[in-house]
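Novice: My questions will all concern the structure given below.
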Amino acid sequence: MDIYKELSERELIAQVTNEEKVKELLNNEKVTFYIGFEPNADSLHVGHFVQLMVMARLQKAGHIPIILFGGGTGLIGDPSGKTDMRKMLTPEIINHNVECFKKQASKFLDLTPGKALIVNNADWLMDLNYIKFLREIGVHFSVNRMLAAECYKQRLERGLTFFELNYMIMQSYDFLVLNRKYGCKLELGGDDQWSNIIGGVELVRKCDRKDVYGLTFKLLTTSEGKKMGKTEKGALWLSENRTSPYEFYQYWRNIDDKDVTSCMKMLTFIPLSEIKEYEKLSGSDINQAKEKLAYEITKLVHGKEEAEKSIQTARSIFGNKNFNSDMPEFKFPKEKLSKDSTELLLILTESGLAPSKSEARRLISQGGISIDGEKISDVAYCVNNKTIEKGIIIKKGKKIYKKILV
């Protein structure tokens, strides 16, 4: 199996430090590789999903993944792509998040001994001797080169702390430790990690005179270059406690036509030959591909049963049949109800159907909101509290439904 060709044809590869050597390694050797995950939440999000899928593909091809949790680096925070310093987390919160990540990663990877490794960089970063570390590791880093890196350059105008400047050195040191302990030869990551990955490759060469390699894959973006995975509630999470399986399914079911087959390539195991057939579809026929994409991704993340429930719920709603019990629900806080009736603007913002009252007004005035099948155009509209207690179904746009209860 030519796994490098597979990654390339699935439009995953962005940059690689030595393409010919990496091709040779992946196609002819059993390679130990790693990807780092910063535990800054109690769930992975859809951006991490790309990384997990790459790890899964490489593991299926016979390679050994190391999942590196940033119990140490997470105390600093990666400045890449951030306009301000990330909120600092306590070690207790980080440890909790790491345990949540392990559970989620086990859905995609075989974590049995010998098939994969799980490590935490807190094990070697927390007890470092600062002076010794600077003399042995810090001496290999040029501040001028670091500041020219994209991950730092974009922060200079807003202010970059010395605290954050250490992140690249710490991540580079991770690669050195993993190479020494486990023979790890390859670091993977999103393309925003390119500077950090190069730092690690060069550090191993300078310290131990060994050749290791780095490869980045494309970030999950739309055809217009916008980052995917953002919903009205924020990030699209892999945890059902943060994003319900139905909401997760609906996100993929509603993506732009131009992004469907690209997401199929990057985020599913659908054969490329089958994806080529989907690429031929146009007009309303593309909905077949969207349904397939949403089903396959939901099955990977939430299991076959939840994927089946989500697709049946969507079909029943869009086929104008009875509303299914699996539709997303929001329980409106009783204490926020007005005396007899409650303004629709408040219901829309509280339920997450609109991020603000101004956006809720725009949706209503443009005919984008219906209650129980009736379009509402009055921005001052109020819903009788007794009606809310029985349950109402609000439709936003063409495809977003939510059941509102008290």
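The values are calculated or read from the model by the stated rules, or taken from the named source; none is laboratory data. Keep in mind it's a predicted model, so treat the numbers as computed, not measured. Ideal geometry is used to build each Cβ from the backbone, glycine not excepted, and the neighbour counts take in all protein chains shown.
Novice: Against the condition assigned by TED's automatic domain parsing to the domain that holds residue 247, under 27 Å from residue 45 (Cα atoms) and touching a residue at least 24 places away in the same chain (Cβ under 8 Å), how does residue 286 come out, does it pass? Give the steps one after another, and end with the answer.
Specialist: Details: assigned by TED's automatic domain parsing to the domain that holds residue 247: yes; under 27 Å from residue 45 (Cα atoms): yes; touching a residue at least 24 places away in the same chain (Cβ under 8 Å): yes.
In short, yes.
Novice: Applying the selection to the stretch 337-383, what residues are over 21 Å from residue 327 (Cβ atoms) and of a type in the set (S, T, N, Q)?
Specialist: 338, 341, 356, 358, 365, 366, 377 - these are the residues of the stretch 337-383 that are over 21 Å from residue 327 (Cβ atoms) and of a type in the set (S, T, N, Q).
Novice: Out of the residues in the stretch 217-257 that are among the aliphatic types (A, V, I, L, M) and closer than 21 Å to residue 295 by Cβ, state the one that is surrounded by the fewest Cβ atoms within 10 Å (Cβ to Cβ). Write out each step before concluding.
Specialist: To start, the set of residues in the stretch 217-257 that are among the aliphatic types (A, V, I, L, M) comprises 219-220, 228, 235-236, 238, 255.
Adding the requirement that they be closer than 21 Å to residue 295 by Cβ leaves 220, 228, 236, 238, 255.
Numbers: 220: 20, 228: 21, 236: 21, 238: 24, 255: 16.
Here the residue is 255.
Novice: A further question follows. Tell me, yes or no, whether the stretch 218-228 has at least one residue that is within 14 Å of residue 306 (Cα to Cα), within 15 Å of the chain's Cα centre (by Cα) and not assigned by TED's automatic domain parsing to the domain that holds residue 104.
Specialist: Of the residues in the stretch 218-228, the ones within 14 Å of residue 306 (Cα to Cα) are none.
No, that holds for no residue.
Novice: Another question, then. Step by step: first the residues of the stretch 270-317, then only those that are basic (Lys, Arg) and within 17 Å of residue 259 (Cβ to Cβ), then the one that is farthest from the chain's Cα centre (by Cα). Which residue is that? Break it down into steps so the answer makes sense when it comes.
Specialist: Going residue by residue through the stretch 270-317, those that are basic (Lys, Arg) are 276, 280, 290, 292, 299, 304, 309, 315.
Those still in the list that are within 17 Å of residue 259 (Cβ to Cβ) too: 276, 280, 290, 292.
Working: 276: 25, 280: 28, 290: 19, 292: 20 Å.
Here the answer is 280.
Novice: Filter the stretch 269-299 down to the residues that are surrounded by 14 or more Cβ atoms within 10 Å (Cβ to Cβ) and of a type in the set (Lys, Arg), then identify the one that is farthest from residue 9 (Cα to Cα).
Specialist: 299
Novice: Next up: Determine if the stretch 300-314 includes at least one residue that is surrounded by fewer than 19 Cβ atoms within 10 Å (Cβ to Cβ), part of a loop (DSSP other than H, G, I, E, B) and not assigned by TED's automatic domain parsing to the domain that holds residue 104.
Specialist: The answer is yes, given that some residue of the stretch 300-314 is surrounded by fewer than 19 Cβ atoms within 10 Å (Cβ to Cβ), part of a loop (DSSP other than H, G, I, E, B) and not assigned by TED's automatic domain parsing to the domain that holds residue 104.
Novice: Which residues, taken from the stretch 340-371, are among the charged types (D, E, K, R) and in contact (Cβ under 8 Å) with a residue 12 or more places away in the chain? Break it down stepwise before answering.
Specialist: Within the stretch 340-371, the first condition is being among the charged types (D, E, K, R), and the residues that meet it are 340, 343, 350, 357, 359, 361-362.
Residues satisfying the conditions are 340, 343, 350, 357, 361.
Novice: Which count do you get for residues in the stretch 22-43 that are closer than 21 Å to residue 174 by Cβ and basic (Lys, Arg)?
Specialist: Looking only at that region, the number is 0.
Novice: Between 50, 54, 16, which is at pLDDT 90 or above and farther than 28 Å from residue 244 by Cα?
Specialist: Going through 50, 54, 16 in turn, just one is at pLDDT 90 or above and farther than 28 Å from residue 244 by Cα: 16.
Novice: Inspect all residues belonging to the stretch 328-339 and state whether any of them is among the aliphatic types (A, V, I, L, M) and buried (at least 19 other Cβ atoms within 10 Å of the Cβ). Break it down stepwise before answering.
Specialist: Just the residues of the stretch 328-339 that are among the aliphatic types (A, V, I, L, M), to begin with: 337.
Add one more test, that the residue is buried (at least 19 other Cβ atoms within 10 Å of the Cβ), and what stays is none.
Within the stretch 328-339, not a single residue is among the aliphatic types (A, V, I, L, M) and buried (at least 19 other Cβ atoms within 10 Å of the Cβ).
Novice: Moving to a separate point now. Could you tell me whether the stretch 245-265 includes any residue that is touching a Gly at 6+ places or on another chain (Cβ under 9 Å) and closer than 22 Å to residue 103 by Cα?
Specialist: Looking through the stretch 245-265, at least one residue is touching a Gly at 6+ places or on another chain (Cβ under 9 Å) and closer than 22 Å to residue 103 by Cα.
Novice: Another question, if that's okay. May I ask you to list the residues in the stretch 233-277 that are without any contact (Cβ under 8 Å) to a residue 12 or more places away in the chain and either within 17 Å of residue 44 (Cα to Cα) or of a type in the set (A, V, I, L, M) (or both)?
Specialist: 234
Novice: Return a yes/no flag: does the stretch 77-85 have any residue that is of a type in the set (Val, Ile, Thr), out of contact with any helix residue (DSSP H, G or I) (no Cβ under 8 Å at 6 or more places or on another chain) and at pLDDT below 85. I'd like the intermediate steps shown before the answer.
Specialist: Within the stretch 77-85, the first condition is being of a type in the set (Val, Ile, Thr), and the residues that meet it are 83.
Checking which are out of contact with any helix residue (DSSP H, G or I) (no Cβ under 8 Å at 6 or more places or on another chain) leaves us with 83.
Cutting the leftovers down to at pLDDT below 85 gives us 83.
Taking every residue of the stretch 77-85 in turn, at least one turns out to be of a type in the set (Val, Ile, Thr), out of contact with any helix residue (DSSP H, G or I) (no Cβ under 8 Å at 6 or more places or on another chain) and at pLDDT below 85.
Novice: So, residue 178, is that one under 25 Å from residue 7 (Cα atoms), among the aliphatic types (A, V, I, L, M), surrounded by 18 or more Cβ atoms within 10 Å (Cβ to Cβ) and touching a Phe, Trp or Tyr at 6+ places or on another chain (Cβ under 6 Å) or not? Even if it seems obvious, please write down each step before you answer.
Specialist: Values: under 25 Å from residue 7 (Cα atoms): yes; among the aliphatic types (A, V, I, L, M): yes; surrounded by 18 or more Cβ atoms within 10 Å (Cβ to Cβ): yes; touching a Phe, Trp or Tyr at 6+ places or on another chain (Cβ under 6 Å): yes.
It is true that residue 178 is under 25 Å from residue 7 (Cα atoms), among the aliphatic types (A, V, I, L, M), surrounded by 18 or more Cβ atoms within 10 Å (Cβ to Cβ) and touching a Phe, Trp or Tyr at 6+ places or on another chain (Cβ under 6 Å).
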